[in-house]
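These notes concern the structure reproduced below.
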Amino acid sequence: MQRLLVIDDEASILKAFERAFTTKTTEVLSAKCAAEGEALFVQAQPDVVVLDLSLPDTNGLDLFKRLREIDPRVPFIFITGHGTVESAIEATKLGAYDYLFKPLELDEMRALLDKAFNLSRMVRVQPLLADEEGPMDGAVADAIVGRCHAMKEVYKAIGRVASQNLTVLLLGESGTGKEVVAQAIYHHSARSKGPFQAINCAAIPDALLESEIFGHEKGAFTDAHRQRIGKLEQADGGTLFLDEVGDMSPMTQAKLLRVLQDQTFERVGGNTPIQVDARIIAATNHDLKKLVSEGLFRSDLYFRLSVVTIHLPPLREREGDLKVLAEYFLRRYSKEFGKDVRTLAPETLEILDRYHWPGNVRELESVMKQSLLTARGNVLLPDFLPPLVAGDRNADSQSDASGFLSQQFVAERLEAGSDNLYAEAIAIAERQLITQVLAFTTGNQLKAATILGISRVTLRSKIKSLGIDVSQFT
């Protein structure tokens, strides 16, 4: 259960947050003043705090400073009127996650809270070397699971580099666990009490990525109505994780190189050098050496980033780990899905072994979740596997979405007490739709994005999250 603490003196705001964000997995706590909010912060240990800058008994910024001394890892989102813009910016400089102006937009707040909860999990919960045989439920931390030789080398590398103040480059295909390894390095480092910021460079348009990392000054571009503090500045004294760094534009690469050289940068539209002390952990699924040879990635930046390089093996090369990982995910999610599936039938393991796993561990996790939707008993049988993994690729790409979203499917999820049925159904439908469109365009992502009516960045993000192997269509 994740906890959201909202501190605001307006009763209507508190009620709106309770109605909009209270779910089976999220508890919303309310406080009308600073004293009440501070007491709840200590008692309930929330994962994210939404804080009004104008409170009846104290200034919100002063309260923020006190709460940061208690636990500096909690993301704070400020809500404020236009009269306190400077205070909001000052709060961001001091480590606040972000700020929004009243009146609040629900969709904008929901998106921001999703990111803040994810960051809170990464910062507050240390990834574990999982006990593959122990009990498990959906509330556990992210875990690094594996017994193969290649993964043992990864464990050793984490141990060697974590305590060193060195730049680290994580290489591996999508879904191999680069983010979890970055978390592990952070949590075992001397900077573990400092801030942790994460940016997915592939999920942010080029025009906005530079501002997201370095911030911008008021008037720097058309929509820059106020100064914004970037994630690099917020990570001062801590760690900045740059996922999919191979997707950076040349301009952003140049600015990042300067940071690695002398720990200084300038906000977009600014000319004042800003000193920062942040450790950089970068990750990519691209072959950076090839990008360097093609002139798409700076060679000097590559050498700066790869002071220490950790290679994460694809799932198909992790001999013996498939069964360990699959049973780990079954134990982890069985309670959430209202099932008691503990192991795989030998025939099921044979089918999983034959599959190529283009989406790696992330795809296996998704497959185990899908399998739990229809599973019965304590053993996962082949009949419970989704068609794509079971080898029926044509059926998967040509089938009707109504076949997946049958009355039986909905009834089973209702019986299991699902509180995320819409997202589960949409994920299944999205996978089918995107797979079929990519097959039609023979893997041309730009053409597929045009047909789907979404941006290429959005399509790439969905392909990654759904574990779709684009190479099968080319």
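The values are calculated or read from the model by the stated rules, or taken from the named source; none is laboratory data. Because the structure is predicted, anything quoted here is derived from the model rather than measured. Don't worry about glycine lacking a Cβ; one is built from the backbone with ideal geometry, like all the others, and counts go over all protein chains shown.
I need the full set of residues from segment 55-64 which are more than 27 Å from the chain's Cα centre (by Cα) and surrounded by 16 or more Cβ atoms within 10 Å (Cβ to Cβ), in order please.
Leu55, Gly60, Leu61, Leu63
Applying the selection to segment 159-183, what residues are of a type in the set (A, V, I, L, M), over 19 Å from the mean Cα position of the chain (by Cα) and part of a helix (DSSP H, G or I)?
Val161, Ala162
Given the conditions (1) of a type in the set (Ser, Thr, Tyr); (2) out of contact with any Lys or Arg (no Cβ under 9 Å at 6 or more places or on another chain); (3) surrounded by 13 or more Cβ atoms within 10 Å (Cβ to Cβ), and given that Thr284 satisfies all but one, which numbered condition is not satisfied?
(2)
Just give me the residues in segment 161-187 being of a type outside the set (A, V, I, L, M, F, W, C) and without any contact (Cβ under 8 Å) to a residue 60 or more places away in the chain, in sequence order.
Within segment 161-187, the first condition is being of a type outside the set (A, V, I, L, M, F, W, C), and the residues that meet it are 163-165, 167, 172-179, 183, 186-187.
The one that is of a type outside the set (A, V, I, L, M, F, W, C) and without any contact (Cβ under 8 Å) to a residue 60 or more places away in the chain: Ser163.
With the condition being closer than 30 Å to Asp277 by Cα, I'd like the helices (runs of 4 or more DSSP H) fully within segment 1-120 carrying at least 3 qualifying residues.
34-44, 60-70, 85-93
On the given criteria, is Tyr186 of a type in the set (Phe, Trp, Tyr), in contact with a Phe, Trp or Tyr (Cβ under 7 Å, 6 or more places away or on another chain) and assigned to a helix (DSSP H, G or I)?
It is true that Tyr186 is of a type in the set (Phe, Trp, Tyr), in contact with a Phe, Trp or Tyr (Cβ under 7 Å, 6 or more places away or on another chain) and assigned to a helix (DSSP H, G or I).
Of the residues that make up segment 9-32, is at least one polar (S, T, N, Q) and more than 25 Å from the chain's Cα centre (by Cα)?
Within segment 9-32, one or more residues are polar (S, T, N, Q) and more than 25 Å from the chain's Cα centre (by Cα).
When segment 39-61 is examined, which residues are found to be of a type outside the set (A, V, I, L, M) and more than 28 Å from Ala198 (Cβ to Cβ)?
Gln43, Ser54, Pro56, Asp57, Thr58, Asn59, listed by residue number.
Report the residue count in segment 372-394 for those that are assigned to a helix (DSSP H, G or I), at pLDDT 85 or above and either within 14 Å of Asp340 (Cβ to Cβ) or under 29 Å from the mean Cα position of the chain (by Cα) (or both).
4
Within segment 213-240, take every residue that is of a type in the set (S, T, N, Q) and farther than 17 Å from Lys255 by Cβ and give me the one that is surrounded by the fewest Cβ atoms within 10 Å (Cβ to Cβ). Spell out the reasoning first.
Just the residues of segment 213-240 that are of a type in the set (S, T, N, Q), to begin with: 222, 227, 234, 239.
Pick out the ones that are also farther than 17 Å from Lys255 by Cβ and you get 222, 227, 239.
Numbers: Thr222: 6, Gln227: 20, Thr239: 24.
Looking at the filtered set, the residue picked out is Thr222.
Kindly evaluate Glu10 against the criterion of being surrounded by fewer than 17 Cβ atoms within 10 Å (Cβ to Cβ), in the same structural domain as Ser120 (by TED's automatic domain parsing) and of a type in the set (D, E, K, R). Can you show your working first?
On the way: surrounded by fewer than 17 Cβ atoms within 10 Å (Cβ to Cβ): yes; in the same structural domain as Ser120 (by TED's automatic domain parsing): yes; of a type in the set (D, E, K, R): yes.
So Glu10 passes the test.
Of everything in segment 294-323, what is in contact with a Cys (Cβ under 9 Å, 6 or more places away or on another chain) and either surrounded by fewer than 18 Cβ atoms within 10 Å (Cβ to Cβ) or farther than 21 Å from Glu244 by Cβ (or both)? Give them in sequence order.
Of segment 294-323, the ones in contact with a Cys (Cβ under 9 Å, 6 or more places away or on another chain) are 313, 317-321.
Glu317, Arg318, Glu319, Gly320, Asp321, listed by residue number.
Restricting attention to segment 181-198, which residues are of a type in the set (A, V, I, L, M, F, W, C) and crowded, with 20+ Cβ neighbours inside 10 Å?
Just the residues of segment 181-198 that are of a type in the set (A, V, I, L, M, F, W, C), to begin with: 181-182, 184-185, 190, 196, 198.
Of everything in segment 181-198, those that are of a type in the set (A, V, I, L, M, F, W, C) and crowded, with 20+ Cβ neighbours inside 10 Å turn out to be Val181, Ala182, Ala184, Ile185, Phe196, Ala198.
Failed condition for Ser192, given (1) within 17 Å of Ile280 (Cβ to Cβ); (2) in contact (Cβ under 8 Å) with a residue 24 or more places away in the chain, with all others met?
The one condition Ser192 does not meet is (2).
Go through the residues of segment 459-468 one by one and say whether even a single one is under 26 Å from Leu209 (Cα atoms), in contact (Cβ under 8 Å) with a residue 24 or more places away in the chain and surrounded by fewer than 16 Cβ atoms within 10 Å (Cβ to Cβ). So that I can check it myself, show each step before the final result.
As a first pass, look at segment 459-468 and keep what is under 26 Å from Leu209 (Cα atoms): 459-468.
With in contact (Cβ under 8 Å) with a residue 24 or more places away in the chain added as a condition, the list becomes 459-468.
From the residues that got through so far, the ones that are surrounded by fewer than 16 Cβ atoms within 10 Å (Cβ to Cβ) too are none.
For segment 459-468, residues under 26 Å from Leu209 (Cα atoms), in contact (Cβ under 8 Å) with a residue 24 or more places away in the chain and surrounded by fewer than 16 Cβ atoms within 10 Å (Cβ to Cβ): absent.
Can you find a residue in segment 116-131 that is at pLDDT below 80, among the small types (Gly, Ala, Ser) and either surrounded by 13 or more Cβ atoms within 10 Å (Cβ to Cβ) or closer than 18 Å to Val48 by Cβ (or both)? Quick ask: steps written out before the conclusion?
Let us first name the residues in segment 116-131 that are at pLDDT below 80, namely 124-131.
Next, only the ones that are among the small types (Gly, Ala, Ser) stay: 130.
With the extra rule that they be either surrounded by 13 or more Cβ atoms within 10 Å (Cβ to Cβ) or closer than 18 Å to Val48 by Cβ (or both), the set shrinks to 130.
The answer is yes, given that some residue of segment 116-131 is at pLDDT below 80, among the small types (Gly, Ala, Ser) and either surrounded by 13 or more Cβ atoms within 10 Å (Cβ to Cβ) or closer than 18 Å to Val48 by Cβ (or both).
If we scan segment 38-53, do we find a residue that is modelled with pLDDT under 95, charged (D, E, K, R), surrounded by fewer than 15 Cβ atoms within 10 Å (Cβ to Cβ) and in the same structural domain as Leu113 (by TED's automatic domain parsing)?
Looking through segment 38-53, none of the residues is modelled with pLDDT under 95, charged (D, E, K, R), surrounded by fewer than 15 Cβ atoms within 10 Å (Cβ to Cβ) and in the same structural domain as Leu113 (by TED's automatic domain parsing).
Just to be sure I understand, how many residues within segment 201-217 are at negative phi, modelled with pLDDT of 90 or more and not hydrophobic (A, V, I, L, M, F, W, C)? Let's see the steps before the verdict.
So in segment 201-217, the residues at negative phi come out as 201-214, 216-217.
Those left that are additionally modelled with pLDDT of 90 or more: 201, 209-214, 216-217.
Narrowing the set further to residues that are not hydrophobic (A, V, I, L, M, F, W, C) leaves 210-212, 216-217.
Summing the residues that are at negative phi, modelled with pLDDT of 90 or more and not hydrophobic (A, V, I, L, M, F, W, C) in segment 201-217 gives 5.
Mind counting the residues in segment 9-25 that are under 14 Å from Val48 (Cα atoms) and in contact (Cβ under 8 Å) with a residue 40 or more places away in the chain?
2
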